[in-house]
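Working notes, beginning with the structure itself.
Computed from the coordinates by the stated procedures, all read-outs in this text should not be read as laboratory data. Please read all numbers here as calculations on a predicted model, not as lab measurements. Here the Cβ positions follow ideal geometry from the backbone for every residue, glycine too, while neighbour counts run over all protein chains shown.
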Amino acid sequence: MAGIIDLILSIIFYPPIYQLVLVGLTGALVVVIFIIWFERKATARVQRRLGPYHISPRLAGLPQLVADLIRYAFQEVIIPKTVDKELFVLAPIVATVLSILPIAVVPLTSNPAYWPIPMDYSMLVALALTTVSPIFLIVAGWASNNKFSIIGGVREAFVITAYELIAIMSILSASAAVLSFNLVEIVEAQRVWYILLNPIAFLAAFLAVLMATSGFPFEIPESENEVVAGPFTEYSGLLYGLNMGAAYMKRFAFSILMALVFLGGWSPYTPGEGILSGYLIPSLIVVAKATVLMMIFSLTRSIYGRFRLDQALEGAWRLVFPMAVLGFGLALLEAYLGVM
Amino acid sequence: MSLDQARRIVEEALSGIEYRVDEGKGFIEFIVAKENLVEAASRLKKAGFDHVKSLTVVDYKAEDKFKIVYHASSYLNEDLAKVIVGIGTEVPRSNPKVPTLVYVWRSVEFQEREVFEFFGIEFEDHPDLRLLLLAPQVAEKKPLRKDFIVKEEPIIRTKPPTG
Amino acid sequence: MPAKPVVKRLPARRGLFAGFKGNVDAITIGLKYLVDPKRFTLIYPNEYIKLDPGYRGFIVLDPKKCIHCSSCARICPAAAMRMIKRMEEDPKTGKPKMKLWPVINYQRCIFCGYCVDVCPTEALYTVPYHDIVYENMAEMDWSLETFVKPPEHPTAKEGIPVKYIVDEEKGLVKVRAEEVEEK
Amino acid sequence: MSVWVYGEQKSELGLEGTITRKLEEDLYEVFIGPQHPGSGHMRIIVRIDGDIIVEADPDMGYVHRTMEKLSEGREWIKNVPLFERMAIHDACNVTVSYVMALERILGIEPPPRAKYLRTLLCEINRIAAHLYGFGIFGVFIGHSTMYMWSFADREVMVELAEKLTGARLTHSYPIPGGARRDMPQDFPQAARKAVRYFRRRLDEYRKIFLDNPVTRKRLEGVGIIPKKIAAELGVVGPVARASGIKYDARLAEPYDAYDEVEFEVPVYEEGDALARAWVKFEEIKQSLRIIEQAVDWLEKHPREAPIHERFWAKAPPLWKKVFEAEGRVKLLPLMANLKLPPGRAMARSETARGEIVYYVESDGKTTPYRVRIVSPSARNAIVFKYIAPGYKVMDLPTIYGSIDYFPPEADR
């Protein structure tokens, strides 16, 4: 009996798990609720309207998303007869879980006691993990067995091929500059935030993340005017909510990564000993920086329409990809000069 | 350009074809025999009337005929744009068949489909003569013919108000 | 002829930085409104628009002026206004007499106001509101008793009356109705 | 006579760069509409090969109301509210030509004041309808700000229309012989303010929408209709004018006060979606000019009943009192059962989406013998069939939005 409790406790206190639960799920949920509210409100302001209002006008409609979540949770999940049932149900769940998974390996403090997994390749692993989840969006589209879903899934596949390389290359440029794959070393090496040293790579990463998370002007797979809701056309209730949430979760994971790489991680704070100073405060700083980044991401919605698929791909390959390469080159130059 | 000038132009274009002129307020119509319709329309098009504004069909039940008129005008010739000239024909109600003018004026394609479903007039050789607006069971009744009567209510209510 | 066609050219996108400038312009305008949204949303039903007296809202009958001519029923394009027969005592002779009275069916009324305009004695008039909710369709078919008095305006009881004024800067400005009326 | 295959048909017309091949069985068929957000009640059956549209078949009629038949059972004036339901946000433009046709049969001409009032409302409607079109266009290409902005600003025009007519949308304003109301005293001031507001605002529209690189990229070179083909297909309104056709019903056959006010008819020659958007954009500017001129004229001239004297000469004092107080024109009871002499008339007016044509035939009764309506969207629907093939699926909303197709108007 005691053995089982020990086992459960050891699983819960296994660093990747509690980081995933604490930052990855709880933190992300809070941040995503805030971000979606902010996105709605900011868009509403630009568009000269009120935005969420009637659910608690005193809080300016902040609990709106909570209400939405409750609605999603209690809506009937309709599984059409023609779909591939197992995949249809599993795909959104797996996609959501996987999109938050990179957080499990990202160190949020310099105190080695609170590293999820002490390793030298944390950045590579995190980047590798970000590439897994979009596959399941395609699976979701395919399993739906619906023309719109399949078109949406195919578009998703096109977009993946375009953004993945850019995202990885531009974020990796930091490790090229520092000559290390260890995120802690990259953060520690930033006396000046890396965004100032290599704005080109940052811009490329920014655009790649917009593409990855279907932000405007790259909201192509779900573009509602031709393909209803893209891969999610057949989904309803909680599964649909998960699909929608997955994009934001992914954006959160990418933002954490970008906050570490480009925005100096937990600087200017120096993590100390103990759980408060060693883990909670630095990770809060990282999450705050990621939130600011996400707020900037959400502003594009009110300014841009959406690109056509081929234009987005053309832009990605012709403009953003060279930008990422240039950023990588700049990083190598900086490494050679020893700037960082 | 006034309607009189337009009339002269069309009369010149239609030389050799028998026609009857029907005048209205703001337009002028040339009614030809069914056999000459395509030829007359082609000549009208050559004269510069490049599109059809309205394919107007009127059901004269008392005279047992449909009058089918293509009201054409011009886009490319700014002078002709000021007038509306109709070219049309009359068919008996029992056998409403006319040659299509789609190959003369592409702009009538949808309007011919519309007339087909509302009046039951068949356009021979029309490339795509399907229903456009109506459901099949409604189109069967040929709603724009005068046999189909829509009655308005009387102005005195028989049922008392409920509220 | 004063009107004339003018052939125009699309604004060209020249130079390397034309796209850049377009982006900057768009973002600037967006941020400008993010800071100052200039919105004029009506928070209904906490606020409601107090409409001008000329507004074509619900139509009400003034029975004293009605001359039973049934012009209103004749012109009604939606067949909402119909005449009903009523036995009434003639004030002169004291004998019962058949009279035609208009009644209106708000299930059908399209608020075109023809009946108000055609009424030779101004017996019909409009009230400047139309936001009334009925529980069932039958209630919307008014009897003569309902027709002769203005309907209750529920939002006026709870909401704040506001008016919209056309403004050069903001398009429309929402002001309290009292403030406008003072001026 | 050739076999009717879509690709061939186009090459015959000299349209370069589109596919020319026979239809194949194994194409992907997608039904766009009728329940999509933004598309309205209309379905386009699209057959696609990869990402390219091979065939597009517009399937209309979801909001068909058989107005032509309904009008045969109704008195003349009752048809005005009926016909304006084709495009309620463009009510005056849609009905004014019907009323003009009636006036032609009656042989009367409305007084100048009525003409100017109608022109004023027509232009207010035109701006409102163009903004509506811009808004829907914005939604189609995912630009939600354009949607919200133009619908908010449309409210200004709706407010003006409400001041003028007493109704926000379905004004039923023109009647045979004139107009139903004179403008209120505070109207000119409000109208001038609105005009100045829009002049400034249009610049912001241009920056965030028309000159926005993303939007521009999306619209440029999409749905090109060359001039010759535009004339052949008989497209109307902004679609035709964007293709270089110098046609406007206000220009060809000036009605109401359009032969007295000064304005331009913007014409572009590119023929793509961007040009169509710019035509509408420039037309808003011209409408603002017309509104200014109409308001000036109305203010300068004495206030008198804007209706033909045939309907006003015998007006009792009560009516004149009502007009003095409220600006409302009372109708003669005979209006309800107006008898038109036998005759036929055609009239056209330029609505926001293009020219609308009415053919009206009277046999001397109180109801029409036949009314034929050809609305602009009905004539533009053919664009889907002949222009959309060859473009990508994601271009379909762009084409749809740029021709400003409005289902209730096309279905009638």
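Only helical runs count toward this figure. For chain C, summing -39,500 (n - 2.57) over DSSP H runs of n ≥ 4 and dividing by all residues gives -6500 deg cm²/dmol at 222 nm.
Using a Gaussian network model on chain D with a 10 Å cutoff between Cα atoms, which of D:Ala313, D:Ala257, D:Ala101 fluctuates the most? For chain D, modelled as a Gaussian network with Cα springs under 10 Å, the answer is D:Ala313. For the protein assembly as shown, a crude dipole built from +1 on the beta carbon of Lys and Arg and -1 on the beta carbon of Asp and Glu, taken about the Cα centre, is about 2800 debye to the nearest 20. Computed extension gain for A:Ile5 through A:Thr161, at 0.36 nm per residue and net of the alpha carbon distance, reaches 51.7 nm.
Using a simple spin-label model with pseudo-atoms 7 Å out from Cα toward Cβ, C:Tyr125 and C:Lys64 lie 1.1 nm apart.
Extension gain for B:Asn77-B:Ser15 works out to 20.2 nm (0.36 nm per residue, less the C-alpha to C-alpha distance). Under the criterion of Cα pairs below 8 Å and six or more residues apart, the relative contact order for the stretch B:3-139 equals 21 percent. What residue among C:Ala79, C:Ala12, C:Ala123 has the largest mean-square fluctuation in a Gaussian network model of chain C, using Cα springs under 10 Å? Most flexible of the set in this elastic network: C:Ala12.
Of the residues D:Ile136, D:Ile105, D:Ile290, the one that moves most in a GNM of chain D with alpha-carbon contacts below 10 Å is D:Ile105.
With label points built 7 Å along Cα→Cβ from the Cα atoms of B:Lys46 and C:Lys157, find their separation and express it in nm. Here the modelled spin labels are 7.8 nm apart. The simple spin-label model puts a point 7 Å past each Cα toward its Cβ; for A:Thr270 and C:Val35 those points are separated by 3.9 nm. Estimated from the Cβ-Cβ distance and a Förster radius of 56 angstrom, the FRET efficiency linking C:Phe20 and D:Glu326 is about 0.50. Compared with the dominant Cα axis of chain D, that is its longest principal axis, helix D:112-140 is turned about 30°. Karplus-based coupling profile of the stretch A:229-235, in residue order and whole Hz: 9, x, x, 9, 4, 8, 7, with θ = phi - 60° in 6.51 cos²θ - 1.76 cosθ + 1.60 and x standing for Gly or Pro.
Dividing the mean sequence gap of close Cα pairs (under 8 Å, 6+ apart) by how many residues chain D holds gives a relative contact order of 26 percent. FRET efficiency for the B:Glu122 to A:Glu86 pair, using the beta carbon distance and R₀ = 45 Å, is estimated at 0.25. Mean residue ellipticity, 222 nm, helices only, chain D: the sum of -39500 (n - 2.57) across DSSP H runs of n ≥ 4, divided by residue count and rounded to 500, is -14000 deg cm²/dmol. Fewest neighbouring Cβ atoms within 10 Å first, the residues B:Tyr19, D:Tyr405, D:Tyr268, D:Tyr28 line up as D:Tyr28, B:Tyr19, D:Tyr268, D:Tyr405. To check you understand DSSP bridge types, tell me what percent of the beta bridges within the protein assembly as shown (both residues inside) are antiparallel, rounded to 5. Bridges in the protein assembly as shown are about 80 percent antiparallel.
Measuring r between the beta carbons of D:Lys339 and C:Ala78 and using R0 = 35 Å, the FRET efficiency lands at 0.95. Cβ crowding within 10 Å ranks A:Trp317, D:Trp76 as A:Trp317, D:Trp76, fewest other Cβ atoms first. Only DSSP H runs of four or more residues enter the estimate; each adds -39500 (n - 2.57), and after division by the residues of chain B the mean residue ellipticity at 222 nm equals -6000 deg cm²/dmol. Go ahead and collect, in residue order, the members of the stretch B:82-99 whose backbone nitrogen is under 18 Å from a label point 7 Å along the Cα-Cβ direction of B:Phe148. Those under the cut-off are B:93-97. For chain C, the list of Cys residues with no other Cys C-beta under 4.7 Å reads C:Cys66, C:Cys69, C:Cys76, C:Cys109, C:Cys112, C:Cys119.
Remark: relative contact order (chain C) = 26 percent; criterion is Cα-Cα distance under 8 angstrom and separation of 6 or more residues. Helix C:18-35 and the longest principal axis of the Cα set of chain C meet at an angle near 50°.
Where both bridge residues fall in the stretch B:3-139, DSSP classifies roughly 75% of the beta bridges as antiparallel.
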